[in-house]
Amino acid sequence: MVKPADLKTDEVITFCPGCGNYGILAALKNAVSELGLREEDVVIVSGVGCHGHMANFVRVYTVQSLHGRPVPFAMGVKIANKKLHVIVLSGDGDSFGEGLNHFINVMRGNSNITYICHDNIIYGLTTGQRSPTADKSMITKSTPFGAPEIRIIPVKLALVSGATFVARSYAGDIRHLTDIIKQGIKHEGISFIDVLQPCVTFNKINTFDFYNKRVYKLEKARHNKKSLASALKKAEEWGDKIPIGVFYQERRETFDEFFKQKQPLISRNRSKIDVSKTLEEHK
Amino acid sequence: MKVVNKLSWMIGGEAGYGIMNTGRIFAKTFTRGGLNVFGYNEYPSLVRGGHNVYHIRVEDDPINAAVKPVDLLVALNHETIDRHKDDLTNGGGVIYDEDVNLEKHEIKSKARLYPVPLIKIAKDIAGKDLMKNTVALGASVALIGYDFEILASVLRDTFKKKGKAIVESNVKCARAGYDYVSEKGWHDGFTHKLHKISDKKKILMTGNEALALGAIAGGLDFYVAYPMTPSSSILHYMVAKQKEYKFFAKHVCDEIEAVNMALGASYAGARAMVGTATGGFALMVETLSFAGMCEVPITFVVSQRGAPATGLPTWTSQTDLKFFINAGHGEFPRIVVAPGDAKETFYVAAEAMNLAEKFQIPVIIALDKYLSESVYSIDHLYPKRARIDRGLIVKNPKKGFKRYEVTKTGVSPRTLPGTPNGFYACNSDEHNEFGYSNEEIKNRNMQYSKRMKKLKEIRKVLPKPVLYGSRKAELTLITWGSTKGAALDAMHFLKNEGINVNVLQVTYVFPFPTNEINRVMKKNKVLVIENNYTGQFASLIREHTGVKVKNRLNKYDGRPIYPVEIIHKVREVLRNG
């Protein structure tokens, strides 16, 4: 079994000291290790943003795709080879700013993919502009007097889009996040995990201290994760108390089950293709 | 005087009348008799209403393009007559419903009028007027003296899936049309006659069907698209065949999703293709650039239509050659290939995927509405010719595998996820040999030049332009893509007039075949034929050879270039020295 330390590359980690991404990186490696996955069967597909640099730091097959496009790339990987464990890393910007339609679509289609959203409520890499998950009142470089749009609540959007596993965790609680990622990977179908990730440089509101005072675990709050209504109610909770844990889980036909894929697509025998019967139809 | 085995037939009516299917059935009726067919459709971007036509040319000699004149016109409404009466030839005729008020003086040519109770016959047999087209097919077959049984066999095969009752009504409707004309004795006066010339049935397919089947034969694993005319019928074909041939095809949520899914699938080892029209391709361009950076193979099939913007959605154009060559931010190698007809398209589909995988680059197959939707008759296709080349894929890499190793050819062996020790980052950032982000000058120069070096290798293997006709000629017609057909027909026609021209078809357009074009430019006077305003290929000739193209034929009204237009232009060019 691969140890978390073996999943390290030789690249120098470039996150700011204290960045929430360290917690997510650690939890991700823990999850791969604790589940005993073969590292060559793990594909991490990221978008572009601070989180995207993680493609340089995990010694598995990694992709840093385009901003807003990790989801369709990952869907393609999974269709080509269903044996792979495909994990999407995406920021709040490239989940809900650029390419929001992919988010809704992958939830509807229930691809067997784990989707981890690094939700720091700010654009970090472009040095501090408002993200779609920010309150309308949030003052940033690009929104000096706030913005008319209300915030997107990722968990809520995932629920109404048809996700079959919806969770939230916190970069400041690596143990909890590790367990949630493990559950997500084991879930058959799309698993969406919204990760509260403090940005120590540009978001002075949603800090470690902010979250440490507010988060509480759904696992200990007698939440019924089979009920969509209860999940939606919990999704609205934000303020003095912020729930983390699994909001919702159901078993529904997955994307590859719909297409009745038994073997990976890439293993099909191309040398046996004979189109002469179809050519006859054209005569 | 009889005209044997040479006919231009057209059916026209309101959109929603099923004209496209009817035209297709009629085309097959002749390819089953061993005849050559070219079928061309025109329709507006509407589901109901508007004017639709299907135009079929049949000859015993090879034919490659649509023509304007019509010998036999089936008019399902008066608008068809208004629009096409001036195209009628003197020996021609018009089949129309008795209800369409048509006076002889409306038609200038000596074409004969054949009023047939199309609707009444259809209603009497099938209870509704839907099959009036089929009645008209029967009437047409009677006029031209063709074997009715061949039409019946096509009707049976076409409607087989809809059940026995539909099959029988269709055959009955056709027969009733046939009998009506026969009883009137009209066939004696109609000069155009067609008959079966061979038991060898020809293949009948559109450019889009040829692309799809060629790709399937060439080992396509993965096809995704978002519907957009004139590329949608590729998607329809693919999804209809995916279970039989066990590949993946899907209509996905938009073009950006399509192209990124295809790139992801290809990265993981699938032979992947994405299809769209030019407007959709505009949306895919960022990912085209990503493919250039991460060196993941991908094949695009893009059908051009009238642009800019939504433009002329259902009309043809060749306005996007420079777009294909230049699309995407940054510099990276690519191949642009523009097949000239359905047969070429069939082979290009597989070859494009081979080239994409061999060089780990994007390959763009440029079609246009005319090629995508016209039907071509083909003598033979050899699917086994589509040899599958996956390029360099490493199965057992050693530790420390360098995915982007700097090599002599610029192509580095790749691994597929799932392969032990083959880890790398597939990175949209500039990266080092392992794929990890790196912005250092030395590395940037090494990786950049490694990617660009492929162009030289590509030139070595890229199929050359093909010369049709005699090596020596007074004028060389240069075409790329679908204008090939009209140029070939013009060449044959001019030969009978004693004018000797040849045709240089440039199918592999980019990297530009500089040496070959240079040679032609030095040797001969040329005429560059393009369905666009600016003369994009002519401009490429100047860019790459330094020679200005003096003679151009350009057309940009959404209609195809007809052979007759080329013939006129050739005469003009030769007259002016």
Report the FRET efficiency, 1/(1 + (r/R0)^6), for B:R156 and B:D179, where r is their Cβ-Cβ distance and R0 is 22 Å, rounded to 0.05.
0.75
I'd like the carbon and sulfur percentage of the solvent accessible area for the protein assembly as shown, probe radius 1.4 Å, heavy atoms only, ligands and nucleic acids excluded.
53
Antiparallel bridge percentage (DSSP; both residues within the protein assembly as shown; nearest 5)
30
Rounded to the nearest 500, what is the protein assembly as shown's calculated 222 nm mean residue ellipticity when only DSSP H runs of at least 4 contribute -39500 (n - 2.57) each, over all residues?
-11000 deg cm²/dmol
Ignore the peptide's own chain and count Cβ atoms of other chains within 10 Å of each Cβ in B:219-226; give me the average, rounded.
3
Assign one of three labels to the range B:3-201, namely rounded, prolate or oblate, based on the Cα gyration tensor with a ≥ b ≥ c the square roots of its eigenvalues; rounded applies when a/c is under 1.5, prolate when it is not and a/b is larger than b/c, and oblate otherwise.
rounded
Bridge orientation stat for the range B:466-575 from DSSP, antiparallel percent rounded to 5, came to 20
What is the extension gain from B:V406 to B:M452, computed as 0.36 nm multiplied by their sequence separation minus the C-alpha to C-alpha distance, in nm to one decimal?
15.4 nm
What translational diffusion coefficient, to the nearest whole µm²/s, does the protein assembly as shown have by Stokes-Einstein, given a Kirkwood radius computed over alpha-carbon pairs, a temperature of 37 °C and 0.692 mPa s viscosity?
111
Say a paramagnetic label sat at a point 7 Å from the Cα of B:R385, along Cα to Cβ; which residues of the range B:339-363 have their backbone N under 17 Å from it?
B:339-355
A chain fully extended from A:R108 to A:V200 at 0.36 nm per residue, minus the present Cα-Cα distance, gains in nm 29.7 nm
Provide Rg and Dmax in Å for the range B:136-265, with only Cα atoms included in the calculation.
20.8, 64
Across peptide A:50-61, how many C-beta atoms of other chains are within 10 Å of each residue C-beta, on average?
4
By average Cβ neighbour count within 10 Å, what is the ranking of A:78-88, B:498-508 from highest down?
A:78-88, B:498-508
Given R₀ = 60 Å, what would the calculated FRET efficiency be for A:E253 paired with B:H78, taking r from the Cβ atoms and rounding to 0.05?
0.70
Considering only protein heavy atoms, with the full assembly of protein chains and a 1.4 angstrom probe, order A:L35, A:L218 by accessible area, largest first.
A:L35, A:L218
Residue-level accessible surface for A:S271, protein heavy atoms, 1.4 Å, Å²:
90
Between B:V394 and B:L130, what is the label-to-label distance in nm when each label sits 7 Å out along the Cα-to-Cβ direction?
6.0
Rounded to the nearest 100 Å², the accessible area hidden between A and B, summed over both chains at a 1.4 Å probe radius, is 4700
Need one number: % antiparallel among DSSP beta bridges in the range A:162-283, to the nearest 5.
30
What is the distance, in nm, between label points placed 7 Å from the Cα along the Cα-to-Cβ direction at B:K200 and at B:D188?
3.8
What spacing in nm lies between the two simple spin-label points modelled at A:K283 and B:N21, each 7 Å away from Cα in the Cβ direction?
2.5
FRET efficiency, A:K3 to B:A240 (Cβ-Cβ, R0 51 Å, nearest 0.05)
0.55
Using a 1.4 angstrom probe on protein heavy atoms only, which residues from the range B:264-298 are buried by at least 40 Å² of accessible area when all chains are present rather than their own chain alone?
B:Y267, B:A268, B:E286, B:F290
What's the ranking of B:295-301, A:227-233 by average number of surrounding C-beta atoms within 10 Å, highest first?
B:295-301, A:227-233
How big is the gap, in Å, between the Cα center of the range A:36-79 and the Cα center of the range B:270-293?
20
When only the heavy atoms of the protein chains count and the probe is 1.4 Å, how do B:H78, A:H51, B:H195 rank by accessible area, highest first?
B:H195, B:H78, A:H51
Just give the residues from the range A:103-151 buried by at least 40 square angstrom of accessible area in the all-chains context relative to the isolated chain, probe 1.4 Å, and say none if nothing qualifies.
A:N105
Does the range B:392-462 come out rounded, prolate or oblate, given a ≥ b ≥ c as the square roots of the eigenvalues of its C-alpha gyration tensor, rounded meaning a/c under 1.5 and, failing that, prolate meaning a/b above b/c?
oblate
Any chance you could check the range A:68-94 for residues losing 20 Å² or more of accessible area when the partner protein chains are in, compared with the chain on its own (1.4 Å probe)?
A:R69, A:P72, A:F73, A:M75, A:G76, A:V77, A:I79, A:A80, A:L84
Could you give the spread of the C-alpha atoms of the range B:204-385 along their three principal axes, from largest to smallest, in whole angstroms?
43, 36, 28
A student applying the Cα gyration tensor rule (rounded when a/c is under 1.5; otherwise prolate if a/b is larger than b/c, oblate if not) would label the range B:95-164 oblate
Test item: B:410-421 mean partner chain Cβ contacts at 10 Å:
4
In terms of solvent-accessible area of protein heavy atoms at a 1.4 angstrom probe, what is the ranking of B:E440, B:E257, highest value first?
B:E440, B:E257
How large is the accessible surface of A:T127 in square angstrom, using a 1.4 angstrom probe and rounding to the nearest 10?
60
Rounded to the nearest whole Å², what accessible area per residue is found for chain B with the 1.4 Å probe?
38
I'd like the accessible area for A:K3: 1.4 Å probe, protein heavy atoms, all chains in place, Å² to the nearest 10.
130
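The values are calculated or read from the model by the stated rules, or taken from the named source; none is laboratory data. Please read all numbers here as calculations on a predicted model, not as lab measurements. As a convention, Cβ positions derive from the backbone with ideal geometry for all residues, glycine included, and neighbour counts pool all protein chains shown. Surface accessibility is based on the protein's heavy atoms, side chains included, excluding ligands, DNA and RNA. Shrake-Rupley method; radii C 1.70, N 1.55, O 1.52, S 1.80 Å.
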